[in-house]
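The values are calculated or read from the model by the stated rules, or taken from the named source; none is laboratory data. Note that this is a predicted model, so its numbers are computed, not measured. Cβ atoms come from the backbone with ideal geometry, glycine included; neighbour counts cover every protein chain shown. Accessible surface areas use protein heavy atoms only, side chains included; no ligands, DNA or RNA. Shrake-Rupley method; radii C 1.70, N 1.55, O 1.52, S 1.80 Å.
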Amino acid sequence: MKIRNSIILFCILISFSVQSQTSVPVISLNPNEIISGEFIGNGIEFSAYPHADTDDSEWGKLMTDKKWQQVFDRVSFIKPKIARVMDQANWRYLKGFDVSGNPIVDFESEQMKALYKLLDYCEKNKIIVILGEWGQPYKVHDTYLNLQNSFTGANDPKWIDLIVKNLNHLINIKKYSCIKYYNLVNEPNGYWATTDGDWQQWKEGVKMLHQAIGKAGLDKSISIIGPDATSYNNPKSKYEGLDWVKQTALQIPHLVSAYDVHDYPSKESIRSGEFQKTFEALVQFTDSTQRKPFILGELGIKGDSSSKEHLGDQFTSVDSQLSVYDYDYGVDMADALIQSMNSGFDAVIAWDLDDAMHTKDDKGDKHQLKRWGMFNSLGTELTNNSADENLRPWFYTWSIMTRYFSGDMAIVKINDLNFEKVRATAGVTKSGDFTIAVVNNSDKEARFIIRTKNMKLKSKLIKYLYSENNRPVNSKGYPVPSEKINLKDNGISVLIPAKSVILYTSYKK
């Protein structure tokens, strides 16, 4: 009797176990449903420390060789595939005007040498560079020199000529092949831009620059990216924010080789998934006119911070996001990146790398730092706080999702993932390497199986886990794998905790 009861109990347990296994949702990775077949990879906003890169800078030469090397070491872990390097002519090579009003240029100034240091790194590491200027020289920055009216706008031939001379020097003399795109005016639709939302001025400037690049024989090396607009609706502008992208695609597609846009969504729009819907529609629109690479040129998340200890910091400007100190920001930025890639963006660039790169209006006031970075290289020198130089939580998720999504991948669809606030994206190469990133932005764990049947995927994986209580790092604070996995039964069994991120990859970088 006891034996019989034991057998019955065993059968019940087996049945329960089978039911439990079969009730686990199965989602599919479909390599034939391609979201982006021209994926470039993800990256960073990377500036040459205009306030601290030379003896003549506002803060002096605080960016020593040792400081630069620390930055390069950290960027080398991230392995960005693309970097946006925005600057100002008057910060680097434009040294004023002669008595006849002609620009004085110096391409071997100390400021240019600092920029060369950054570009040398990008060249060596095969990082695609978007080069550009924040806006019309002297219009916003260095206003104390009273040279604001030295140029008449983005369509001033004198400024266009300067830009092309600089590009010729960088490409033909310095031999930088990494510079692929040029960005004329940051966020030209904004009231803060030197164009102040003047579509016609910007459009004419792009046309003139396109012609000048061709005339100089540089068109085989570099092309224009645009419009670099934000979702902000400037009442002075002929078009609303994101409509600048549509109008670029409709009116001047032959003048740009790639589209780009900026966005700082709210935490709520990220967590709800509304962010993806907005940009999925925009990418589909541009694709329907003429397919070009589409880059999200600045991505950060606006909203109040929960880092109360940093509020009221005497070194922080209002143009900051103190959530960069929070664990949750690492989840939200990963979520935003996953949604961006699933929208069809071919590259996504984080704003930004380092607090020490920029100040409010870039006037060099150390009490007006733009705190958006993954760290502050000059924490000791600027804020008397060496701990501020440490890596912040979101470095973890942005670095692994940049490092392991490579330019030889196609971004493909993952179907049937129907958990609320759980999202995933996948990249697959022709050789069988793949990376899958999963975010759980909900308050409860999720369990499912990613089916990989009939796919020629490499069988050995490494897994990274970013959770509040478990995110392994090495002595430098860089992420390390939490587990090594052998791919079995044509699937990956996923158990992802609430408010966490998991990345699976076959790469052994």
Protection-proxy order for peptides 50-62, 132-144, each taking the mean of Cβ atoms within 10 Å per residue, highest first: 132-144, 50-62
Degrees between helix 327-343 axis and first principal axis of the chain (Cα, 0 to 90, nearest 10): 80 degrees
Carbon and sulfur %, accessible surface of region 264-356 computed with the full protein complex present, 1.4 Å: 47 percent
Simple Cβ-charge dipole of the chain, Lys/Arg +1 and Asp/Glu -1, about Cα centre, in debye nearest 20: 2520 debye
Estimated Rh, region 141-281: Kirkwood, alpha-carbon pairs, angstrom: 16.4 Å
Accessible area of region 85-217 belonging to carbon and sulfur atoms, whole % at 1.4 Å probe: 50 percent
Most to least packed among 383-394, 367-378 [average Cβ atoms within 10 Å]: 367-378, 383-394
Å³ per residue enclosed by the Cα convex hull of region 94-133: 73 Å³
Cα-based Rg and Dmax for region 39-93, where Dmax is the largest Cα-Cα distance (Å): 13.0, 40
Per-residue HN-Hα couplings for region 457-471 [Karplus 6.51, -1.76, 1.60; θ = phi - 60°; Hz; x = Gly/Pro]: 9, 5, 8, 9, 10, 10, 10, 10, 10, 10, 10, 4, 9, 7, 9
Highest-first arrangement of 330-342, 494-506, 239-251, 164-176, where packing means the average Cβ count within 10 Å: 330-342, 494-506, 239-251, 164-176
Between 0 and 90°, nearest 10: helix 110-124 axis offset from the chain longest Cα axis: 30 degrees
C-alpha center-to-center spacing [region 351-366, region 90-107] in angstrom: 25 Å
Region 89-228, relative contact order [Cα under 8 Å, separation at least 6], %: 23 percent
Accessible surface, per residue, of region 253-345 when the full set of protein chains is kept, probe 1.4 Å, Å²: 35 Å²
Magnitude of the charge dipole, region 169-321, Cβ model with Lys/Arg +1 and Asp/Glu -1, debye to 20: 740 debye
Whole-percent carbon and sulfur share, accessible surface of region 365-509, 1.4 Å: 42 percent
Mean Cα-pair separation over length for the chain, i.e. relative contact order, pairs under 8 Å, 6 or more apart, %: 16 percent
Nearest 10 degrees, 0 to 90: helix 274-289 Cα axis against the chain principal axis: 60 degrees
Mean ellipticity per residue at 222 nm, deg cm²/dmol - from DSSP H runs of n ≥ 4 across the chain, formula -39500 (n - 2.57): -9000 deg cm²/dmol
Part-to-part distance (alpha-carbon centres) for region 233-276 and region 136-198, which is given in Å: 21 Å
Accessible area, probe 1.4 Å, largest first, for residues Leu218, Leu147: Leu147, Leu218
Whole-number D in µm²/s for region 372-509 (Stokes-Einstein; Kirkwood sum over Cα pairs; 4 °C, 1.567 mPa s): 80 µm²/s
Region 84-154: equivalent-ellipsoid semi-axes (sqrt of 5 x gyration tensor eigenvalues, Cα, Å): 26, 14, 9
For region 70-189: accessible area per residue (Å², 1.4 Å): 38 Å²
Antiparallel DSSP beta bridges within the chain, percent to nearest 5: 55 percent
Label corresponding to Rg/Rh (Cα atoms, Kirkwood Rh) when calculated from the structure given, among [x] 1.02; [y] 1.07; [z] 1.00: [x]
Listed pairs Lys113/Lys165; Lys203/Lys238; Lys81/Lys207; Lys203/Lys277; Lys158/Lys215; Lys126/Lys292 exceeding 19 Å between Cα atoms: Lys81/Lys207; Lys203/Lys277; Lys126/Lys292
Average accessible surface area per residue within region 416-498, 1.4 Å rolling probe, Å²: 56 Å²
Stokes-Einstein D (µm²/s) once Rh is taken as the Kirkwood radius of region 258-341 over alpha-carbon pairs, at 20 °C in 1.002 mPa s: 151 µm²/s
